[in-house]
1. Return one quarter of the surface area of the convex hull spanned by the alpha-carbon atoms of the stretch 126-182, equal to its mean projected area, in nm².
2. To check you understand DSSP bridge types, tell me what percent of the beta bridges within the chain (both residues inside) are antiparallel, rounded to 5.
3. Working out 0.36 nm times the residue gap between Asn247 and Ser230, then minus their Cα-Cα distance, what length gain in nm do you get to one decimal?
4. Could you work out the helix-only [θ] at 222 nm for the chain, with each DSSP H run of four or more residues adding -39,500 (n - 2.57) and the total divided by the number of residues, to the nearest 500 deg cm²/dmol?
5. Hey, what D do you get for the stretch 32-170 in µm²/s if you plug the Kirkwood alpha-carbon radius into Stokes-Einstein at 20 °C and 1.002 mPa s?
6. How many nm is it between the label spots at Asp308 and Asp217, if each spot is 7 Å from the Cα in line with the beta carbon?
7. When Lys and Arg each count +1 and Asp and Glu each count -1, what net charge do the other residues less than 12 Å away from Ile220, Cβ to Cβ, add up to?
8. Can you give me the relative contact order of the chain as a percent, contacts being Cα pairs under 8 Å and 6 or more apart?
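Taken together, the values in this text are just the output of simple stated rules run on the coordinates, not laboratory data. Keep in mind that what you see is a predicted model, and the values were worked out from it rather than measured. Cβ placement follows ideal geometry from the backbone for every residue including glycine, while neighbour counts extend to all protein chains displayed.
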Amino acid sequence: MTRRTYLLKSAGVAGLLSAARALPLNEGPAAREMTASEFHSSRRFVETRFGRIAYVERGHGSAAVFLHGLPLNGFQWRGALARLSPHRRCIAPDFLGLGYTETRPGQDLAPATQAAMIDAFLEALSIPAADVVANDSGGAVAQLLTAKYPKRVRTLLLTNCDVDTNSPPKAMAPHLEAARKGELAPALARQIADKAFARSSDGLGGVCYTNPANLTDEAIDTYLTPLVSSDARRAQLHGYMLAFEPNPLPAIGPVLRKRGLPVRMVWGTADQFFDATWADWLDRTFPHSRGVRRVEGAKLFFPEERPDLIAEEALRLWTGERSV
């Protein structure tokens with residue numbers, strides 16, 4: 001799809017963009033990223049029929065919702081929240097079965113249910129619509145949210161994620177088999193105990209981070225500890241993985257082609273799970289796509305490593321500035 005040119009059509013939009021430029025992304029108290037301790041202390045919960053949904057938020061005004069990947073949680077977005085909180089009420093919830101959300105026993109964990117949970121979550125917070133930013137399995141949920149609850153999604157910024165027939169991706173097959181055998185949780189527990197291994201070529205850091213050193217000790221603990229904290233949580237982790245089969249995304253392709261919201265893709269080119277050709281598929285599918293930005297050499301969880309880039313792209317999408 002040819003990249004569209006979008007012009008600012010009103011003084012109001014131009015003023016918003018001017019204000020965004022006037023406040024540098026790396027200045028002011030709001031630009032300081034929360035530590036793991038602050039992430040834990042600022043956690044809130046909202047009651048839904050799916051359970052008590054854990055989330056953190058920063059900022060005020062129109063809402064932006066950040067959907068994390070597997071096996072991460074809202075802590076993934078701490079850098080983006082710090083940079084974008086002067087411009088939006090930035091909210092990062094934890095999915096059912098992941099992070100610190102208290103999921104109801106026996107709760108279905110399928111992506112469509114996760115989308116329904118986000119709809120209920122927004123309703124509970126009295127948020128009619130939000131700008132949505134998503135990564136990895138969170139991107140699958142974001143697409144389902146767009147298809148099934150279109151009034152909830154004002155704009156959509158997608159990074160490397162499940163798309164159409166590439167869900168779950170073929171490279172996930174060993175992890176799915178480990179989940180079936182109940183072996184995935186022990187594998188993650190090993191990475192909590194041996195953080196050097198977690199950052200090795202065989203660990204989460206080496207596989208999913210452009211620079212494995214960016215997966216800090218506190219991030220490893222914050223992401224993985226809740227997933228292996230009890231038999232119930234270990235079962236939820238395995239259930240989250242296995243709930244991606246059967247794949248729900250091909251069925252919504254025709255619906256996405258009718259959605260007229262602004263959409264932008266920012267895609268790492270060194271991701272073994274989600275090739276950049278899938279960003280092109282999204283670009284062709286959404287009629288008002290604002291194109292694809294490739295991030296050379298970046299792996300799956302680059303949004304955590306490159307929050308300045310995510311903030312830059314989000315502000316351009318939200319204000320209608322032409323993407324480059």
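1. Average projection, Cα convex hull of the stretch 126-182: 5.1 nm².
2. 35
3. Fully extending the segment from Asn247 to Ser230 adds 3.3 nm.
4. One gets -11000 deg cm²/dmol as the mean residue ellipticity at 222 nm.
5. After rounding, the answer is 145 µm²/s.
6. 2.7
7. Residues close to Ile220 contribute a combined charge of -1.
8. On the way: 631 pairs, mean separation 69.4, N = 324.
Answer for the chain is 21 percent.
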